[in-house]
Amino acid sequence: MRFRFREIPDPRTATIRARPIVDLVVEGLEIAPQACLIDSGATAVRLGAHVAELCGIDTTDAAETRLAVGGALVSARMAEVSLRIASDEAAHEWNAPVWFCEPWMPAFGLLGLTGFFDHFEVTIAGYDGWVDLKPLDR
Amino acid sequence: MPEKPVVRRVTIAGHPFDLRRSDVVRALRGVDPEPITRHFVVVGSRRFPPKQVIGQVTGLDRADFTSHQARRTLMRLGFSAGRRSYTPSSPQPRAAEQHDRLADRLREFTGEWVAIKDDDVLHASDSPQALVGWLARHGQKADSVFRVPEDDLAASGLAPL
């Protein structure tokens, strides 16, 4: 599945920046796929706690972990959820642990090593501005 | 000297109305825009279907006037109007062309949560809950939901541990 980089306005200037962002359907919430940044520096998949609320995922009994996200300490609770990514030609669905974080400052979800990079062979062509995701059959 | 507000006398569906631009803006405050099928007008930085605006301002049944009448009336009051650049029945432009335009248009929604569909901002809200609520109420499905980054921190991943 190939995706063009998403172009977003630069908050500081009048320019536009392109980022490897894909849309993730969480727990079947098809009406609102969550834009997520592919982030090899993240150890796992991190989303805002509001996503769990929107999807009806109850994390109250999950153990609370303190994480540093974007330079801030946040409270995170993990749940195993279904995730889906689709292009015009194909789709892939898998289950993965996701840490739902509060407060959540980033504008996008973060797709990290556990739960994302261990499910796809990821090729990023920064110059040409596309990302290729090949699901791994395991 | 303050500028005198423009009052337009218009007849819609046989009923005369004296409309001011400020009346329209006031009437639309706190009103959620409905999904745009083809034409839109911009009121207070938000896009509305023209028939929704005229229906809201005049109280008329929307079946009593056309989208063209509504759009023409609002343009005479000084509101900008436009047409969706892509509809499911028209050829889809190349992705790069779509996003060039979309990225520029997103700037006016900085800090807000947006739902994107094709080349359009379907809706924007202060919270993701309000945004998804709007999608559900209007039977809409977005391609993507996110907050338009307001600073570098929001725009970057910054490698969480």
**Asked** With (1) modelled with pLDDT under 80; (2) within 12 Å of chain A (Cβ to nearest Cβ) as the list, and residue B:113 as the residue in question, which single condition is left unmet?
**Response** (1)
**Item:** Selection count, the stretch B:121-144, where residues are touching a Phe, Trp or Tyr at 6+ places or on another chain (Cβ under 8 Å) and more than 8 Å from chain A (Cβ to nearest Cβ)
**Value:** 6
**Item:** Which numbered condition residue B:140 fails, given (1) surrounded by 14 or more Cβ atoms within 10 Å (Cβ to Cβ); (2) outside any loop (DSSP other than H, G, I, E, B)
**Value:** (2)
**Request:** Could you tell me which numbered condition residue A:47 fails, if it satisfies all but one of (1) touching a residue at least 24 places away in the same chain (Cβ under 8 Å); (2) over 25 Å from residue B:121 (Cα atoms); (3) among the hydrophobic types (A, V, I, L, M, F, W, C)?
**Result:** (2)
**Asked** Does the stretch A:69-90 hold any residues that are closer than 24 Å to residue A:135 by Cβ, touching a residue at least 24 places away in the same chain (Cβ under 8 Å) and within 14 Å of another protein chain (Cβ to nearest Cβ), and which are they?
**Response** A:84, A:85, A:86, A:87, A:89
**Prompt:** Considering B:63, B:96, which residue is over 18 Å from the mean Cα position of the chain (by Cα), in a helix (DSSP H, G or I), loosely packed, with under 14 Cβ neighbours inside 10 Å and at pLDDT below 80?
**Reply:** B:96
**Request:** Could you please give the count of residues in the stretch B:24-54 that are part of a helix (DSSP H, G or I) and without any contact (Cβ under 8 Å) to a residue 12 or more places away in the chain?
**Result:** 1
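Condition check ((1) surrounded by 13 or more Cβ atoms within 10 Å (Cβ to Cβ); (2) not in a strand (DSSP E or B)) across all residues:
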{"residue": "A:51", "(1), (2)": "yes, yes"}
{"residue": "A:66", "(1), (2)": "no, no"}
{"residue": "A:77", "(1), (2)": "yes, no"}
{"residue": "A:88", "(1), (2)": "no, yes"}
{"residue": "A:94", "(1), (2)": "yes, no"}
{"residue": "A:99", "(1), (2)": "yes, no"}
{"residue": "A:122", "(1), (2)": "yes, no"}
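The values are calculated or read from the model by the stated rules, or taken from the named source; none is laboratory data. Because the structure is predicted, anything quoted here is derived from the model rather than measured. Positions of Cβ are generated from backbone atoms using ideal geometry, with glycine treated the same way; all protein chains shown enter the neighbour counts.
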